[in-house]
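Novice: Before I ask anything, let me first share the structure, which is written out below as structure tokens.
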Amino acid sequence: MVKISVCFMVLALGLVDAVFTKDLSTKGTQREKISNPVEGVHVALWGEGFVRYTWLNPVPHGPDNTKFNPWCKYGTSSTNFNHTARGEAYTYTAGMFNMTLNSVVAELPIQPDGYTQVNYQCGDSNYGWSPVYSIQLQTPGVSQTQRGNIALIADLGSTNGSDTITALEQFAESGLIKMVVHAGDISYADNFGKRNHNNSYIWVEYMKQIEKFTSWVPYMTAPGNHESQYDFAAYRNWLPMPYKSSDSESPFWFSFDYMGIHFLSFSTEHSFNQSSAQFAFMQQDLIQANRNRDSVPWIIVFGHRPLYCTSLVAEHRCVYDAPVFRSYLEDLLYQQRVDVYLCGHDHSYERTYPVYRERVIRRDYHNPQAPIYIVDGEAGNPEPNDPSFQPDVEWRANFYPGWDNGFLLVQPTPVALQFQYIRSRDLTPMDIFSITKD
């Protein structure tokens, strides 16, 4: 078996130092060898200093839910869990789901600078416990002592994404990535079981697969078109996001700060025109984020559908849909100096120059003065990837013309966002660029 080192793909930008060098050849992990009734464990940020643990008990919920008593124990020492938090058990019926989900919100002892390693274990006395997991939580603001990257993905389903899932697992275990951001189209459950509507098993399979990295790092999402089935019931129950902690009135849009980046997650599957409630939230949120640049210098907005794209196969999305979406948001993103708009939907990878109203503002990424728009939809969907692109587009800076799956890494510093687009099957960087500011 070929041994792969993380360092070979990051030396060009110096994204990690020697402490992150790790042999990634071993795909089997301890938790894969343990048979446990606690499945699909994943962690989400839940406001500053809080996280939400969510997991599945693969047993029917039933009318008598008093038998479930979910809680988590955790601490900064692997041998002394000196904190506990209790939660709730619940279920939903869409897609013929009848098993038990559990969620626990916990306040963690996050250090004011750098990161805090927290070891935790979740479950209950009736149905058993998860293995002991470990998560390194970073500070919201930028810190000179923080190291590592954030993985950015879209369009990763329960099939065809094994290369990306394996890569993210290896990076999470090695400490290279500190969070995964998923810009919609998650399990693709609506591609399966359309006749008898029994497709909730796809969500179970998907969440079990990605537990390999979502139990190590926070997993933050936005809904895509493939989540809309049953009024987004599975998405809302499997992936509760911290909308209340960001003064949002909807579970479909929210914001948070992490590692010096202000992330705004919104739903392209709900109204976001300038008279909508979602637009009002986005406008107020970005105004506040722009005023807070001294503490959190970067802003990334992520939603599922593109505002700029050049696909030939998905030409309607790029020629007809994208201009409409730009008419809603482009002025706001430009006025509030958003650094990056990230999306998927098109199963391809491409990025723009800093662009405003289809006019290139700069041919480089230093003090760009306008957003960069990135399509990052090749993580591993059950539908074909799309390596077709319109020729000679002035505002397009780069694209990947291959069929392979891939994902983005970004490392924030006070003066730079350093990006690499990684081919999942062999961890080769296919695109490298940095956004810098004085």
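Read-outs throughout are calculated quantities, based only on the coordinates presented, and are distinct from any laboratory measurement. The model shown is predicted, which means the values in this text are computed figures rather than measured ones. With ideal geometry, Cβ positions are generated from the backbone for all residues, glycine too; neighbour counts draw on all protein chains shown.
Novice: At q = 0.11, 0.12, 0.21 Å⁻¹, what log₁₀ I(q)/I(0) does a Debye calculation on the Cα points of the range 35-161 give, no solvent, two decimals?
Specialist: One equal scatterer on each Cα of the range 35-161 leads to -0.46, -0.54, -1.23.
Novice: A further question on this structure: Mind checking which of Thr214, Thr268, Thr93 has the largest fluctuation in a GNM of the chain, springs on alpha carbons under 10 Å?
Specialist: Thr93
Novice: On a 28 Å Cα-Cα criterion, which of the cross-link pairs Lys73/Lys244; Lys178/Lys208; Lys67/Lys194; Lys73/Lys208; Lys194/Lys244 come out too long?
Specialist: Lys67/Lys194; Lys194/Lys244
Novice: Antiparallel versus total DSSP beta bridges in the chain: what percent is that, nearest 5?
Specialist: 75 percent
Novice: Where does helix 229-238 land angle-wise versus the long Cα axis of the chain, in degrees 0 to 90, nearest 10?
Specialist: In the chain, helix 229-238 runs at an angle near 60 degrees to the longest axis.
Novice: Between the range 368-438 and the range 289-331, what's the alpha-carbon centroid distance in Å?
Specialist: 14 Å
Novice: Hey, another quick one. Counting only other residues whose beta carbon sits under 10 Å from that of Phe281, what net charge do I get with K and R as +1, D and E as -1?
Specialist: Net charge in that neighbourhood comes out at -3.
Novice: Skipping prolines and chain starts, which residues have an amide H placed within reach, meaning under 5 Å, of the one on Lys178, given they are 5 or more residues away or on another chain?
Specialist: Asn149, Ile150, Ala151
Novice: What do you get for the angle between helix 322-335 and the principal long axis of the chain? Use alpha-carbon atoms, 0 to 90 degrees, nearest ten.
Specialist: 90 degrees
Novice: Using a Gaussian network model of the chain with C-alpha springs under 10 Å, which one of Lys67, Lys212, Lys178 is most mobile by mean-square fluctuation?
Specialist: Lys67
Novice: Using the alpha-carbon atoms, what tilt in degrees (0 to 90, nearest 10) does helix 277-291 show relative to the longest principal axis of the chain?
Specialist: Its long axis makes an angle of about 80 degrees.
Novice: A follow-up question, please. Whose amide H sits under 5 Å from the amide H of Ile299, counting only residues 5 or more places off or on another chain, with H placed in the peptide plane?
Specialist: His262, Asp339, Val340
Novice: Okay, next question. Considering only C-alpha atoms, what is the centroid distance from the range 79-104 to the range 156-209, in Å?
Specialist: Taking the Cα centre of the range 156-209 as reference, the centre of the range 79-104 is 19 Å away.
Novice: Can I ask one more? How much net charge surrounds Asn367 when only other residues with a Cβ under 10 Å from its Cβ are counted (Lys, Arg +1; Asp, Glu -1)?
Specialist: 0
Novice: Also, I was wondering about something else. Taking H as built 1.01 Å from N, whose amide H comes closer than 5 Å to the amide H of Ser388, not counting residues under 5 places away?
Specialist: It is Leu312, Val313, by chain and number.
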